Amino acid sequence: MKKPLSALLTAGIAGLSCVLVGCSASTEVSLTGNTPAQYSHMWVTTQELWFNSSATAGPDDSGWYKFTLSTPTTIDVVAEGGGNLASITSGLQIIPGTYSQVRLIPVDPSTPLTTSAQTAGALYNSEADYVDASGVTHQLPLEFLNPDKGIGIATALKVPLGNIGAALTSGAAGTTAGTSTGTTTDTTTGTTTGAVVGIGATGTTTGTTGTTTTTPNEFAVTEDGTTDLVPFTYGNATGIMLSSHASAYDLSQSGGISGELTLTNITTSTSGQPAIQVSAQVLSTDGTRHVVVATTTVQADGTFLLYPLAASTNGTWYDVVIHGPGIATIIIKSVEVQLPSSSNSLSSTDSTTDSTTTTTIPATTTTTPSTTTTSTGTTNGSANNVVAIGTLTPRAASSYTANLATSAATKLPAGAAVGFYQTLATSGSVPYVIESSPIDPFNQVLFNAQTLSEATIDSGTWSSSGAALTVVSAAPAEGAGVYIVSPYAPAYGDAALTTTIKAPAAPAAGSPSTATPAPVTVVVPALPLASGTASGSLRASVQAPAGKYTTGELLVSSNGALVGSASLGSNLASGSASVTVSGLPADVPSAVYYVSVRAWNASEPAETLLRQWYPQSIDMRAATSGSIAVTID
């Protein structure tokens, strides 16, 4: 079994640098993720990792410890999905402390192909390949927003002190010293090789005064391609950008949820994978809806693993939603993920030593749930503290498609996604996210119409005590095949849960039928700013060679995530354009913005897309307006 990754960066931070009383243990960093079934590859090549103890530092602020990999690492998130962890690097020497941000610096697809990407079989350093409805594979560069500033990830990762007697070094930000076996470190950027050390393996750190042996720190970052892979169209061409909202985990404080589906009579996607995903959800802060904290893909053999998930010794509870367009949704409530009470007794699951019993749970039957598998120590290459919920048999279902109807009155922020919610028909229930999809930021619609199941829901409540689990089938509160449609974006508030959509009426007897019915369309409610957040505006003056481009888009990002956009319009053809992006979150710690442009000429046969980004920041952490002047080549 591979290491669980889920678009995680397992940052096992081994020996961040020594400070007076000792050295940190070696740190390992891995990447994992989740992607929809139609994606056959999602290659990401990483060249640097940064760490900062400040939660509010922008990429140009001080306090960053920067580690440049001597050899960039290329990871296919599709191949390493399903809870697998792929190592970006190991043996990092980081100063002990608590780090509130991790920043991954990718290798842009426009730069010459790295050795690691070439070896992996990619055409670009970062690439997204997908299979369309006709079975045709498209290989496209995976575009980043301001790649020089990287992907910023808010977190709380603790690097403890190691053994006294390790090499002593200075603690200046951005500077490390000493060496770690399997790595080379310089004194200006902390350059390290991409050597891979197995999770749970013993790391040896060599200092100027001796050698100490410690267990590496294991950190992981997850990337959910379901909402963060953003396809878009410009003219008649297509692109895919990564608008990242990654999460980072300390694996010593994490657990997971595993299970298996019986896929008899369930149709697979054109890529050969079942078009079924599993999400772990919790209540929103205000308790009005559920929110997704992790997503994973069901593998071809029906197994799935949600990992990593935050866990505690007192237990952390998740509701598990198993969904896909061709099945009746399954919701298992109150699945407990728990850390062992003693650090010397860690839970784990692997393909050879898993003592968890497999439980078959068809709808409307009663059974006894599985419990967490426990062993002493950590099994290399396995997920820790995993609770198995057994084997479930989903019901096949018919489906329909839905898309957005554009409305100038309810234009969404460019980085928004749209959720399709349903509510269990029990007292006190609030809506669950059943399906979600990012909007095409250029066109304000879904790139692919969302396919929705028309079936009822199977649901049950988990009990870690071993009590029987009863799964029953019933229509959701909205009605079978009826969904609440509401947009969301991480930097914004909650939109209303009032707009619904339902399957189209069946054609009347004797009327002609179409092979592919048109999607049902819906105008979604507006997406407000979060409570207490000021509304900011960014004005951009753009210069370009007259007549070279017919139009384009200005994109505004923060920490590698798309936040806003504005069309440069036909004025770009004259050589200049001025646009304002309004409604940006302002006067908040995350309001450090960067801009990039996409420009093209619709009259060119290939419709070549120009990507260009700019290093200047627009700092709106204590302001509600900002401006920038940029020139397009």
Checked segment 532-578 for anything in a loop (DSSP other than H, G, I, E, B) and within 29 Å of G150 (Cβ to Cβ); matches are G532, T533, A544, Y549, N559, G560, L568
Given the conditions (1) modelled with pLDDT of 80 or more; (2) out of contact with any Phe, Trp or Tyr (no Cβ under 7 Å at 6 or more places or on another chain); (3) polar (S, T, N, Q); (4) in a strand (DSSP E or B), every one holds for T226 apart from (4)
Sole miss for Y594 among (1) under 28 Å from I105 (Cα atoms); (2) among the hydroxyl-bearing types (S, T, Y); (3) surrounded by fewer than 20 Cβ atoms within 10 Å (Cβ to Cβ) is condition (3)
Regarding segment 428-445, can at least one residue be identified that is part of a strand (DSSP E or B), β-branched (V, I, T) and surrounded by fewer than 21 Cβ atoms within 10 Å (Cβ to Cβ)?
yes
Report task. Would you mind stating whether S70 is under 14 Å from V221 (Cβ atoms), of a type in the set (G, A, S), assigned to a strand (DSSP E or B) and outside the structural domain of S279 (by TED's automatic domain parsing)? Result -> no
A careful count of residues in segment 408-427 that are under 19 Å from F232 (Cβ atoms) and in a loop (DSSP other than H, G, I, E, B) gives 6
Sole miss for A86 among (1) assigned to a strand (DSSP E or B); (2) surrounded by fewer than 22 Cβ atoms within 10 Å (Cβ to Cβ); (3) not charged (D, E, K, R) is condition (2)
Next on the checklist: Among the residues of segment 474-488, are any over 27 Å from the mean Cα position of the chain (by Cα), surrounded by 21 or more Cβ atoms within 10 Å (Cβ to Cβ) and either modelled with pLDDT under 90 or within 18 Å of W613 (Cβ to Cβ) (or both)?
Outcome noted: no
Within segment 303-334, the residues that are under 22 Å from the mean Cα position of the chain (by Cα) and of a type in the set (G, A, S) are A310, A311, G324
V77 passes all but one of the listed conditions (1) within 28 Å of N384 (Cα to Cα); (2) under 17 Å from the mean Cα position of the chain (by Cα); (3) surrounded by fewer than 24 Cβ atoms within 10 Å (Cβ to Cβ); the exception is number (3)
From the option list T68, T73, single residue qualifying as over 25 Å from N34 (Cβ atoms), in contact with a strand residue (DSSP E or B) (Cβ under 7 Å, 6 or more places away or on another chain) and β-branched (V, I, T) is T68
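Just to verify a result, which residue in segment 593-633, among those that are polar (S, T, N, Q), at pLDDT 95 or above and assigned to a loop (DSSP other than H, G, I, E, B), is farthest from the chain's Cα centre (by Cα)?
Going residue by residue through segment 593-633, those that are polar (S, T, N, Q) are 596, 601, 603, 608, 612, 616-617, 624-625, 627, 631.
Then drop every residue that is not at pLDDT 95 or above, which leaves 596, 612, 616-617, 624-625, 627, 631.
Now restrict to residues that are assigned to a loop (DSSP other than H, G, I, E, B): 616-617, 624.
On the way: Q616: 26, S617: 24, T624: 29 Å.
Only one residue tops the list, namely T624.
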In segment 235-252, residues that are closer than 21 Å to E218 by Cα and either outside any strand (DSSP E or B) or in contact with a Gly (Cβ under 6 Å, 6 or more places away or on another chain) (or both) total 4
Reported set for segment 91-114 where residues are of a type in the set (G, A, S) and surrounded by fewer than 24 Cβ atoms within 10 Å (Cβ to Cβ) is G97, S100, S110
ask   = Does A300 satisfy being at pLDDT below 95 and aliphatic (A, V, I, L, M)?
value = yes
Restricting segment 455-472 to residues that are in a strand (DSSP E or B) and surrounded by 15 or more Cβ atoms within 10 Å (Cβ to Cβ), the one modelled with the lowest pLDDT turns out to be L469
Among residues of segment 542-561 being in contact with a helix residue (DSSP H, G or I) (Cβ under 8 Å, 6 or more places away or on another chain) and of a type in the set (V, I, T), the residue surrounded by the most Cβ atoms within 10 Å (Cβ to Cβ) is V542
Filter segment 304-338 for residues that are in contact with a Ser or Thr (Cβ under 9 Å, 6 or more places away or on another chain) and surrounded by fewer than 16 Cβ atoms within 10 Å (Cβ to Cβ); the one that is farthest from V471 (Cα to Cα) is T313
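The values are calculated or read from the model by the stated rules, or taken from the named source; none is laboratory data. Keep in mind that what you see is a predicted model, and the values were worked out from it rather than measured. Cβ atoms come from the backbone with ideal geometry, glycine included; neighbour counts cover every protein chain shown.
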